Amino acid sequence: MDETVDRAAVRTVAVTGCGTAEAAPDLLTLSIGVECRRNTAGDAYAAAGAASAAVTGALSGRGVQSRDIRTSGLNVRADVVWQEGRGQQVTGYIASSTLSVRLRDLAAGSAVIAAAVEAGGNDVRLDGVQLGFADTAAILALARDNAWADARTAAAQLAGLADAELGEVISVRQQPVPSAPVPVGGMQRAFAADSVAVEAGDLSVSTSITVEWELRSPTR
């Protein structure tokens, strides 16, 4: 028998199932910005370094490991203004950088944030706070189980409507899973004098899978 004709004669059903699982987050990621404006580039760079060192020292004093502190985006630029008849004039220099900090003790999050901002003073800002998971494998596996059950339920219903039943699985394809953590709202900027409470709650992880089954004649 011609294999092409044989495969074309096989009836199939393909369904995309969606699944979600919830769990308490165990990771808090901070984005701490350092920005210093001084009269010279050297002074701005030195001030930014001192502010970063102060923040890092405060974090270390609160038990944050060095592997969970990363510096990025170091930049020094001229601060210029336009003056009539003189064009662009340099009024100073700005040095900036960003610290990405992972906190694994969520209960201490509020105190750590306050200590970091206080250590950096007016040259430091809190750019963002995000909740997430140190390892998403377990929670993703639960979401995948739920997606599979959702797909099979829908496929079985469709098979019944077509006067058939599900046979062998022909293919399975999982959709890409977003990996970004969830931002904590209302915390774009904070000061040490403010009381900032970090409520973790539960976070959800979602995924979807597309499964194709062979349809076979029902067993009578």
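The values are calculated or read from the model by the stated rules, or taken from the named source; none is laboratory data. In this text the structure is predicted, and so the values were computed from the model without any measurement. Please note: Cβ atoms are built from the backbone with ideal geometry, for glycine as well, and neighbour counts cover all protein chains shown. What goes into the accessible areas is simple: the full protein's heavy atoms, side chains included, and nothing from ligands, DNA or RNA. Shrake-Rupley method; radii C 1.70, N 1.55, O 1.52, S 1.80 Å.
Remark: relative contact order (the stretch 50-138) = 34 percent; criterion is Cα-Cα distance under 8 angstrom and separation of 6 or more residues.
For the stretch 75-82, the Karplus equation 6.51 cos²θ - 1.76 cosθ + 1.60, evaluated at θ = phi - 60°, returns couplings of 8, 10, 9, 7, 9, 10, 10, 8 Hz by residue, with Gly and Pro reported as x. Most tightly packed first, judged by the mean number of other beta-carbon atoms within 10 Å of their residues, the peptides 61-71, 145-155 read 145-155, 61-71. For the pair ARG37 and ALA53, label points projected 7 Å from Cα toward Cβ lie 2.5 nm apart. In the context of the full set of protein chains, the stretch 1-122 has a per residue accessible area of 57 Å² (1.4 Å probe).
The alpha carbon gyration tensor of the stretch 1-128 gives principal lengths a ≥ b ≥ c with a/c of 1.5 or higher and a/b no greater than b/c, which makes the shape oblate. For the stretch 1-153, the relative contact order is 42 percent, taking Cα pairs closer than 8 Å that sit 6 or more residues apart in sequence and dividing their mean separation by the residue count.
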